[in-house]
Amino acid sequence: PATGLLRIWKALFYSISGFRLAFRDEAAFRQDLLLVAVLSVVCFILPLEPWLRVVILFSHGLVLVTELLNTAVEAVVDKASPEFNPDAKKAKDTGSSAVLLSLAMSGGVWFYAIYTLMV
């Protein structure tokens, strides 16, 4: 097994592969990525405090991370339980709820940012 820098190098390519697979196969991830890209540009256009820009960008990262984890949960659940199962539904629905919560949190940060511009 690879160790040290070789292990880290290989892990980097596994991570890139996961990102590509999510982009290729998951419409929700593509939508989130587009939203994050547009709003990140807007974040730098608006006259926001630097700390608020950092918080906004971290909230965008949280949305993408949550979507990637939800994709992983769904893939494992679909493989382990192709037929309907209440526990499989619970796993998939709670993963989806995590994505919704991360989106709501990011929306809250944006709400605050816009509010600070208006007062």
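What to note about this one:
- Where a residue in segment 47-59 is surrounded by 15 or more Cβ atoms within 10 Å (Cβ to Cβ) and of a type in the set (Gly, Ala, Ser) and its partner, wherever it lies, is at pLDDT 95 or above and part of a helix (DSSP H, G or I), with Cβ under 7 Å and at least six apart: 59/105; 59/106; 59/109
- Figure legend. Inter-residue proximity from segment 1-18: first residues under 19 Å from residue 65 (Cβ atoms), second residues outside any helix (DSSP H, G or I), beta-carbon distance below 9 Å, spacing 6+ or different chains. Indicated pairs: 11/2.
- In segment 11-26, of all residues being of a type in the set (A, V, I, L, M) and open to solvent by less than 50 Å² (accessible area, probe 1.4 Å), the one that is farthest from residue 102 (Cα to Cα) corresponds to 11.
- Residue check, residue 103 touching a residue at least 24 places away in the same chain (Cβ under 8 Å), part of a helix (DSSP H, G or I), open to solvent by 80 Å² or more (accessible area, probe 1.4 Å) and not hydroxyl-bearing (Ser, Thr, Tyr): no
- Pairs, first open to solvent by 80 Å² or more (accessible area, probe 1.4 Å) in segment 67-84, second assigned to a loop (DSSP other than H, G, I, E, B), C-beta under 9 Å, six or more apart: none
The values are calculated or read from the model by the stated rules, or taken from the named source; none is laboratory data. All values derive from a computational prediction rather than experimental measurement. Here Cβ is always computed from backbone atoms with ideal geometry, including for glycine, and neighbour counts include all displayed protein chains. These accessible areas exclude ligands, DNA and RNA; they are computed on the full protein's heavy atoms, side chains included. Shrake-Rupley method; radii C 1.70, N 1.55, O 1.52, S 1.80 Å.
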